[in-house]
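Undergrad: Provided herewith is a single structure, encoded as structure tokens, for subsequent inquiry.
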Amino acid sequence: MTYRLSFDDFASLLQKTPVITPWNPWLKVKLGKRVITFSSPSEFWLAVNRLQPIADKPTLIFIDQNETMAGNYAFLPKVQCTYDPFRDPEFESLLVQHFHELCSMPGVFKQSKVPDYFVEAVESSQPVIAVFMVVDGLSFTDLPGDSALPCLVDGVSVTPEGMRRLVGNPHVAERLFMRGFWNRVGFSYWDRHNELADQLFYTFTEGQLKKVEGFDQVLEWFDMEQLKERTYVQIIRAGLDGYVHNHRDRPPKEHFLHAIKKDIANLVDQLRKIALPFVLFVTADHGILWSYNIPGEAVFLDAGAVPVRYYREKENIPESLRQLGVWHPRDNAFSLPVSHYRRRLKSTEWGCHGGVSVAESFVPLLRVFG
């Protein structure tokens, strides 16, 4: 039997005995160097049988979620910690300190791997309709509940890089074409005259890329189209990004969130009405750090028309900041922590992104199979 404990109770138990728990990357980061961790019971067994003693620290033994314990370890408590990093204020600083470590940890969904996750889901479930939807600006914490998974934006949290990571290289459409999805349809607010849209819908012909003014036109297409052959559908939907950069009044965030959730629910309903096997992935390019969540003791560095949360060139980063933020080599960008900003927000700016914070760096990953 596996018992569930709060973090405080879990930490207290660790002071008394080695503990076995399912692998949890967030917990490993939270406990840090305060404990000795082993990646498996066998690794622990080898350590205790060496001549060199184990350091006198609390000891944690990780196992795979579905791993069954051999009788040799029955004397050790097997518990599950209910620690939720998204409710822990300390996790903001832990995220920055361990960002690259988290990017390499198993069990952490990463934005750059989303194309792989999607193609693997298509291969394993063999749907007739594969739908990939990207929302422009949406934090993981904006979609509460058990349906969405946290996905780490493993790069600078801005739209062009985030969108490109999500379609992948080679492009998802190309990869699915090789798997029999020769029919494809794209929905965007921009046509091919927009450079980013042209990249996101690479290999889509003029007839396959449909410029829309609202999501209702996407739903109407699903309602009218008679889909019989394997079809890949790629959708770009406006999120919260456009409302935080240049808006004359405080954006009604909850209203916009309700509209996004309703559109997702309606899309699922339309797919189920078609009565063909489908896979739907919904995610976002980056999250949003809202102005009212900026700490009161935040440091504002520069002025003028500079990005709020990141630097583009390594040599431009002030020496005093180099150990505080996160450098993204692939993007040639440096993201600031939640405590630092290059400038103050303008009166028409209600939020920002580009830095490393729970709000900006974690987006939802929703997977629906039907």
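The values are calculated or read from the model by the stated rules, or taken from the named source; none is laboratory data. Predicted, not measured: the structure shown is a model, and the values here were computed from it. Please note: Cβ atoms are built from the backbone with ideal geometry, for glycine as well, and neighbour counts cover all protein chains shown.
Undergrad: Filter region 340-360 down to residues that are more than 14 Å from D241 (Cβ to Cβ) and touching a Cys at 6+ places or on another chain (Cβ under 9 Å), then give me how many there are.
TA: 2
Residue by residue, here is whether (1) modelled with pLDDT of 95 or more; (2) farther than 22 Å from L176 by Cβ holds:
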| site | (1), (2) |
| --- | --- |
| Q199 | no, no |
| V212 | no, no |
| E220 | no, yes |
| K262 | yes, yes |
| L276 | no, no |
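Undergrad: Right, here's the next one. Look at region 149-199 and say how many of its residues are in a strand (DSSP E or B) and either surrounded by fewer than 19 Cβ atoms within 10 Å (Cβ to Cβ) or not β-branched (V, I, T) (or both). Write out each step before concluding.
TA: Restricting attention to region 149-199, the residues satisfying the condition of being in a strand (DSSP E or B) are 149-152, 183-188.
Next, from what is left, pick out any that are either surrounded by fewer than 19 Cβ atoms within 10 Å (Cβ to Cβ) or not β-branched (V, I, T) (or both): 149-152, 183-184, 186-188.
Residues flagged as in a strand (DSSP E or B) and either surrounded by fewer than 19 Cβ atoms within 10 Å (Cβ to Cβ) or not β-branched (V, I, T) (or both) within region 149-199 amount to 9.
Undergrad: Quick one: which of I264, I294, I274 is more than 30 Å from R230 (Cβ to Cβ) and either surrounded by 17 or more Cβ atoms within 10 Å (Cβ to Cβ) or without any contact (Cβ under 8 Å) to a residue 40 or more places away in the chain (or both)?
TA: I294
Undergrad: Considering only region 200-243, how many residues are in a helix (DSSP H, G or I) and either among the basic types (K, R) or closer than 23 Å to V279 by Cα (or both)?
TA: 11
Undergrad: Does region 59-81 contain any residue that is under 27 Å from the mean Cα position of the chain (by Cα) and hydroxyl-bearing (S, T, Y)?
TA: There is no residue in region 59-81 that is under 27 Å from the mean Cα position of the chain (by Cα) and hydroxyl-bearing (S, T, Y).
Undergrad: To continue, here is another question. Before we move on, is S347 closer than 20 Å to G162 by Cβ, among the polar types (S, T, N, Q) and out of contact with any Pro (no Cβ under 7 Å at 6 or more places or on another chain)?
TA: no
Undergrad: Let me ask another. Filter region 323-342 for residues that are in contact with a strand residue (DSSP E or B) (Cβ under 8 Å, 6 or more places away or on another chain) and charged (D, E, K, R) and give the result.
TA: R342
Undergrad: Can I ask one more? In this structure, is L209 more than 30 Å from E349 (Cα to Cα) and of a type outside the set (G, A, S)?
TA: Working: more than 30 Å from E349 (Cα to Cα): yes; of a type outside the set (G, A, S): yes.
Yes; evaluated as a whole, the condition is true for this residue.
Undergrad: Taking into account only those residues within region 59-115 that are among the polar types (S, T, N, Q) and at pLDDT 90 or above, which is nearest to T37 (Cα to Cα)? Steps first, please.
TA: Looking only at region 59-115, we keep the residues that are among the polar types (S, T, N, Q), and these are 59, 65-66, 68, 72, 80, 82, 93, 97, 104, 111-112.
Remaining after also requiring at pLDDT 90 or above: 80, 82, 93, 97, 104, 111-112.
Numbers: Q80: 15, T82: 18, S93: 21, Q97: 18, S104: 17, Q111: 27, S112: 28 Å.
The extreme case among them is Q80.
Undergrad: Right, something else. So which residues in region 1-31 are free of Cβ contacts under 8 Å to residues at least 12 places away in the same chain and touching a Leu at 6+ places or on another chain (Cβ under 9 Å), if there are any at all?
TA: Within region 1-31, just S12 meets the criteria.
Undergrad: Also, quick follow-up: Across region 315-370, what is the total count of residues that are surrounded by 15 or more Cβ atoms within 10 Å (Cβ to Cβ) and among the polar types (S, T, N, Q)?
TA: Of the residues in region 315-370, 4 are surrounded by 15 or more Cβ atoms within 10 Å (Cβ to Cβ) and among the polar types (S, T, N, Q).
Undergrad: While we're here: How many of the residues in region 316-370 are among the aliphatic types (A, V, I, L, M) and not in a loop (DSSP other than H, G, I, E, B)?
TA: 9
Undergrad: Do we find that A47 is part of a helix (DSSP H, G or I) and either surrounded by fewer than 17 Cβ atoms within 10 Å (Cβ to Cβ) or at positive phi (or both) in this structure?
TA: So A47 passes the test.
Undergrad: Only one of D223, D241 is among the acidic types (D, E), touching a strand residue (DSSP E or B) at 6+ places or on another chain (Cβ under 6 Å) and either in the same structural domain as F118 (by TED's automatic domain parsing) or closer than 23 Å to F118 by Cα (or both). Can you tell me which?
TA: Testing whether each residue is among the acidic types (D, E), touching a strand residue (DSSP E or B) at 6+ places or on another chain (Cβ under 6 Å) and either in the same structural domain as F118 (by TED's automatic domain parsing) or closer than 23 Å to F118 by Cα (or both) leaves just D241.
Undergrad: Could you tell me whether region 128-148 includes any residue that is under 23 Å from F334 (Cβ atoms), assigned to a loop (DSSP other than H, G, I, E, B) and of a type in the set (S, T, N, Q)?
TA: Checked region 128-148: at least one residue is under 23 Å from F334 (Cβ atoms), assigned to a loop (DSSP other than H, G, I, E, B) and of a type in the set (S, T, N, Q).
Undergrad: Does Y310 satisfy the condition of being modelled with pLDDT under 95, among the hydroxyl-bearing types (S, T, Y) and within 22 Å of the chain's Cα centre (by Cα)?
TA: The answer is no for Y310.
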